[in-house]
1. Scan the range 44-86 residue by residue and report those that are free of Cβ contacts under 8 Å to residues at least 24 places away in the same chain and farther than 15 Å from Asp193 by Cα.
2. Given the criterion modelled with pLDDT under 85, basic (Lys, Arg), farther than 23 Å from Asp61 by Cβ and outside any strand (DSSP E or B), identify the matching residue among Lys139, Lys126.
3. If I ask for residues that are part of a loop (DSSP other than H, G, I, E, B) and among the polar types (S, T, N, Q), which ones from the range 172-192 would you list?
4. Output yes when any residue across the range 87-94 is of a type in the set (A, V, I, L, M), within 22 Å of Asp49 (Cβ to Cβ) and touching a residue at least 24 places away in the same chain (Cβ under 8 Å), and no when none is.
5. Quick one: Glu65 ticks every box in (1) within 20 Å of Asp107 (Cα to Cα); (2) at pLDDT 90 or above bar one, so which box is it?
6. Using beta carbons and a limit of 9 Å, which pairs, at least six apart or on different chains, have the first residue in the range 178-201 and closer than 30 Å to Thr46 by Cβ and the second one modelled with pLDDT under 90 and not in a strand (DSSP E or B)?
7. State all residues of the range 142-152 that are assigned to a strand (DSSP E or B), at pLDDT 95 or above and either in contact with a helix residue (DSSP H, G or I) (Cβ under 9 Å, 6 or more places away or on another chain) or aliphatic (A, V, I, L, M) (or both); if no residue qualifies, say none.
8. Please count how many residues of the range 63-93 are closer than 26 Å to Leu185 by Cα, surrounded by fewer than 20 Cβ atoms within 10 Å (Cβ to Cβ) and of a type outside the set (Asp, Glu).
Amino acid sequence: MTRLRTHGDAGQAFPIYITVVGGLLFLALAYFAVGQATVNRGGAQTAADAAALAAAQNARDQLAEEWVRAVLDPVKWDDIFRGDVQLVNDPCFRATQLAAHNEADVDGCVQTGWPLGYQVDVQTRKTMGESIVPATAQKRSRASAKAVIEPLCQFKLPAEDAQDDVLPRLTCRDGNFWDLKPDDLTDLPEPNDLFDVHLAD
């Protein structure tokens, strides 16, 4: 009688064991699906950040080039530092390149106002992958980022009766300054000396 009871208990326990193992397996697959989605979303945000920064850095470089061209005409400096000039090339082209480098496509890239910046929306090329959640099989993650360009330097226009060989002193952050001379423009600030580029909060 004892042996029969023990065998019967084992038989009853087996379906419970199968149920528990099946439940644990389902939970493991569910966590895996969540992990896939998290990684995919993280990749989308990385691509968006990189694309927005690339657009803003390209715009910064073009603004710095504009400043160099106008260095002898300080009246134009203010517009350049405020980003109120027509850029030769569209910085969003660089956003597209950086998004592609991070396996994503740009859905939108727009220039924003003051401070000058670029808002970029991307979508990942890879889906979240097959999982126990059918909706994720063909779903792609989306993300947005904004990068802004802020001037680092200030200046004061010379008086109207000032000599022609006097240019404004550029006073920049961290105590940097440039005393520019029209007849010696060999030592000019770099783009990163003139403008700061960073992601907006």
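1. Result: Arg69, Ala70, Asp73, Lys76, Asp78, Asp79, Asp84, Val85, Gln86.
2. Lys139
3. Asn176, Thr186
4. Yes - at least one qualifying residue is present in the range 87-94.
5. So the condition that Glu65 fails would be (1).
6. Going by the 9 Å Cβ cut-off, the qualifying pairs are Asp193/Asn176; Asp196/Arg173; Ala200/Pro115.
7. Once the filter is applied, which keeps residues that are assigned to a strand (DSSP E or B), at pLDDT 95 or above and either in contact with a helix residue (DSSP H, G or I) (Cβ under 9 Å, 6 or more places away or on another chain) or aliphatic (A, V, I, L, M) (or both), the range 142-152 yields Ala143, Ser144, Ala145, Lys146, Ala147, Val148, Ile149, Pro151.
8. Of the residues in that region, 15 qualify.
The values are calculated or read from the model by the stated rules, or taken from the named source; none is laboratory data. Just so it is clear, the structure is predicted and the values come from calculations on it, not from any experiment. Every residue, glycine among them, receives a Cβ derived from its backbone with ideal geometry; neighbour counts consider all protein chains shown.
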